[in-house]
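Structure, as structure tokens:
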Amino acid sequence: MKKIFYLFFFFLLFFISSVSAQKKYTISGYINDASNGEAMTGATIYAKENYKGTTANTYGFYSLTLDAGTYTFQASFIGCETFTKTIELTSNISLNVELKPSIIETQAVIITGTRKNENIETTDMGKTEIRIETVKKMPMFFGEVDLIKTIQLLPGIQNSGEGNSGYYVRGGSLDQNLVLLDGATIYNVGHLFGFFSIFNTDAIRSAEMTKAGIPANFGGRLASVLDVSMKEGNMKKYEVDGGIGLIYSRINLQGPIVKNKASFLISGRRTYVDLIIQPFLKEDSDLKGMRFYFYDLNGKINWMINDKHHIFLSGYYGSDIYGFNYSSSSSSDLKFTFKWNNASAALRWNYMINNQLFLNTSLLFSDYNFNTDVMLDIYNFTILSSIRDYTAKTELSYHPRPEHLFKFGANYIYHTFTPNTYSAISGDVGMNVQSPGIYHANEAAVYVLDEFEIGKKLKFNVGLRASYFEHIGPYTSYKLDELGRVTDSIFYKQGERIKGYWGVEPRFSARYAIDTFTSLKASYTHNYQYIHQVALSTISLPTDAWIISNELVKPQIGNQYSLGIYRNFLDNMLETSIEAYFKNMKNLTEYKEGYSPFTEITSGLEYQYTQGTGYGYGIELFLNKTKGKFTGWISYTLSWAKRKFPEINGSKEFFAKNDRRHDISIMLSYEIIPNVNASLVWVYATGNTMTIPVGFYFLGYNLITEYSEKNAYRIAPYHRLDISVNWIIKRTPRFEHALNFSVYNVYNRRNPFFISINTQMNNESFSLNNTAYQMSLFPIMPSISWNFKFK
């Protein structure tokens, strides 16, 4: 309790110190794009006389408090003309700024649209602001640019498999990454089993990836936060843009409902490879009638009531369907369908209380469900799993002076988890199949965050988050004997508390400025995670089950320590950083050895899990060239990730399935001539770990397979080269169109997707032989897409 008291006293001290006897006034307002009215997240405004300034928040709001006097204010953002205005600050002033895009952009920008040395000045560690313009320069996969695949090129972030949208961060698990779309949680970011992500770049305005020093306003995950914001809709004029590719097309419409007051955005995509191939298939083909496609829709309404009140309503819906029909004269008719859906909605109210106080309140909804349907003659078997969240959150920001930002917030989530529900029908008769129960839970948190400077050298971001989680009824809890048989049960009524957990989560980040171009940073985060996803494979699949913390499954707890040095060269043209980290985790969750779906059906998933500990450590190097015709970055990660479970691998420590010693990513972009840009991506990663059979023996008449220690072997390394050329054919004030040519896996590397072991017996020598077979997904794959915009 003493530690908590000291921290709150620390916050109070700096909060009080922000009130000064000296006469001060505040200039505040919003910074928007003059061409479309979009908020300019990260835009900077400062006074030239004393170089004190601030940055606009996610909603474009800024607040700058200075001593009374006359100042020349400058607002700027990469790719825009600088706004300059001289103001006599003798009272609080409201000033909304619209920045005009540069007529001629001579400098291409990769990764961030920040001021020239923000990576040196802030306390942010392991944080990357990703511009959609950067994503659209990347080589395309089947003509589709992908936000997640761009993120997987950053240091400390590893993809979970060929073409997959899952990712590991600094030795963490797939479920330890929080993904937000306009504040709503997204539980599955993949389309078509992960080959594409759900993020339509035409509808996305900005994205921030944080993997270290996670501030106190984020919680619920141990490894990272990906915060994605949708565009708000053009308030100035109507726009239609889109693209046509080999297997999918997209369209995006936006414009004013009331000019400069309200706007809308509607965006959609659909793949159609299943429609294209059907006319060319023979009637007796196994692929005849196959369905394999996804579609998604994004929508948003933006209403600026006045300078103080702003309302946003946004939504997302995406659906994937994979199915086939099989029939023959010698066997029964078979119909098989996979279907999974993502949906989210966000209602947000921004309220500028005064020049220094900003309130953001949101009501959020997210829903994910997966359905497997099998029909064989008169029999129909269905498996359904789903997750549904209702969330309310609010946050108050206080800007007492340029070097001080204070935040206080709270949030509440009502969870409903349905891990797997089984049903069966024979003709018109329903068959009773017992299913595990539906899980209901409350999750709540309050937090406080204080960012401040001490002199010109030191800057701190100190936060404290208190979280609470409880599993509630209705629910039936089963008691098992040592053989796994149900011996008793307890029923909890609706709303009744079954099990609760709580935790205090301190957060700390600090920066020491060595000089104008160099800084040293350190951070510490302590996180609780109350929900778990357990995967049977190394890749993220929609079938992977989620479960809440309950009587048997404890919440995950993690600590991460980071230290880094940041240095810019050539007038901030070249950004470099070296970060070292150590992370320890407990209550990680895996399936027990000998996992049985039967026990899951009769008594619940929690009886199939075992919990253990893990840790990871490594060094990350990042080199980023941000200006000129030739731009790009190189990242390298040297890392280790290990696990230890009492009921796995004989309680001995083993390498995690995502343990990769070396990970290298190179992204380069070059403007060949005006309107023609070429880009290149090359990746290399140490092969994933795997467990293999190493021997056989007979126990009575049964053949027993003996396996190696868990994850004791590795598959071959993964490496791949992609290239693309983007040609803007025509650009006018009213219309532009372009062609993109991309080649995926240029040198046709057969990267392992998974390895299967085939065992054969020699009847003459009575010996057994193992043969490993590698499955690879994508050979060299060229693609072309046409993109257009009417404005």
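The values are calculated or read from the model by the stated rules, or taken from the named source; none is laboratory data. This is a predicted model, so every value here is computed, not measured. When we count neighbours, we look across all protein chains shown, and the Cβ atoms used for this are built from the backbone with ideal geometry, even at glycine. When the accessible area is computed, the model is the full protein with side chains, heavy atoms only, and any ligands, DNA or RNA have been set aside. Shrake-Rupley method; radii C 1.70, N 1.55, O 1.52, S 1.80 Å.
Going through the range 377-408 one residue at a time, which ones are in contact with a Lys or Arg (Cβ under 8 Å, 6 or more places away or on another chain) and part of a strand (DSSP E or B)?
Initial filter on the range 377-408 (in contact with a Lys or Arg (Cβ under 8 Å, 6 or more places away or on another chain)): 395-398, 401-403.
Scanning the range 377-408 gives GLU395, LEU396, SER397, TYR398, ARG401.
Looking at ARG465, ARG485, can you tell me which residue is over 20 Å from TYR439 (Cβ atoms), of a type in the set (Lys, Arg) and open to solvent by 60 Å² or more (accessible area, probe 1.4 Å)? Explain how you work it out, then say what you get.
Working: ARG465 fails: open to solvent by 60 Å² or more (accessible area, probe 1.4 Å).
Only one candidate passes the filter, namely ARG485.
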Inset, instruction - Kindly provide the set of residues from the range 608-626 that are part of a strand (DSSP E or B), over 29 Å from LYS652 (Cβ atoms) and open to solvent by 10 Å² or more (accessible area, probe 1.4 Å), ordered by number. - result: LEU621, PHE622, LEU623, LYS625
Inset, instruction - Answer yes if at least one residue in the range 662-673 is open to solvent by 60 Å² or more (accessible area, probe 1.4 Å), more than 26 Å from VAL553 (Cβ to Cβ), among the hydrophobic types (A, V, I, L, M, F, W, C) and assigned to a strand (DSSP E or B), and no otherwise. - result: yes
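Do the conditions hold for VAL725, that is, is it within 30 Å of SER160 (Cα to Cα), among the β-branched types (Val, Ile, Thr) and touching a residue at least 60 places away in the same chain (Cβ under 8 Å)? Please lay out each step first, then the result.
On the way: within 30 Å of SER160 (Cα to Cα): yes; among the β-branched types (Val, Ile, Thr): yes; touching a residue at least 60 places away in the same chain (Cβ under 8 Å): no.
No, not satisfied.
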Inset, instruction - Would you check which residues across the range 23-78 are surrounded by fewer than 17 Cβ atoms within 10 Å (Cβ to Cβ), without any contact (Cβ under 8 Å) to a residue 60 or more places away in the chain and either small (Gly, Ala, Ser) or under 21 Å from ASN360 (Cα atoms) (or both) and list them? - result: ALA68, GLY69
Inset, instruction - Could you please give the count of residues in the range 389-409 that are open to solvent by 30 Å² or more (accessible area, probe 1.4 Å) and farther than 27 Å from GLY29 by Cβ? - result: 2
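Please state which one of THR732, THR771 is without any contact (Cβ under 8 Å) to a residue 60 or more places away in the chain, surrounded by fewer than 13 Cβ atoms within 10 Å (Cβ to Cβ) and within 30 Å of VAL135 (Cα to Cα). Reasoning before the result, please.
Working: THR771 fails: within 30 Å of VAL135 (Cα to Cα).
Only one candidate qualifies: THR732.
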Legend entry - Pick from the range 678-709, criterion under 24 Å from the mean Cα position of the chain (by Cα) and open to solvent by 40 Å² or more (accessible area, probe 1.4 Å), ranking: farthest from GLY632 (Cα to Cα): TYR684
Legend entry - Members of the range 133-151 found to be part of a helix (DSSP H, G or I) and open to solvent by 10 Å² or more (accessible area, probe 1.4 Å), listed by number: GLU133, LYS149
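Here are ARG497, ARG507: which of them is buried (at least 18 other Cβ atoms within 10 Å of the Cβ) and closer than 30 Å to ASN527 by Cα? Before you say what the answer is, go through the steps one by one.
Numbers: ARG497 fails: buried (at least 18 other Cβ atoms within 10 Å of the Cβ).
On inspection, the qualifying residue turns out to be ARG507.
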Legend entry - Pair list, Cβ < 9 Å and 6+ apart or interchain, from the range 634-650 residues that are open to solvent by 70 Å² or more (accessible area, probe 1.4 Å) to residues that are among the β-branched types (Val, Ile, Thr): ILE634/ILE664; ILE634/ILE666; LYS644/THR613; PRO646/THR610; GLU647/THR610
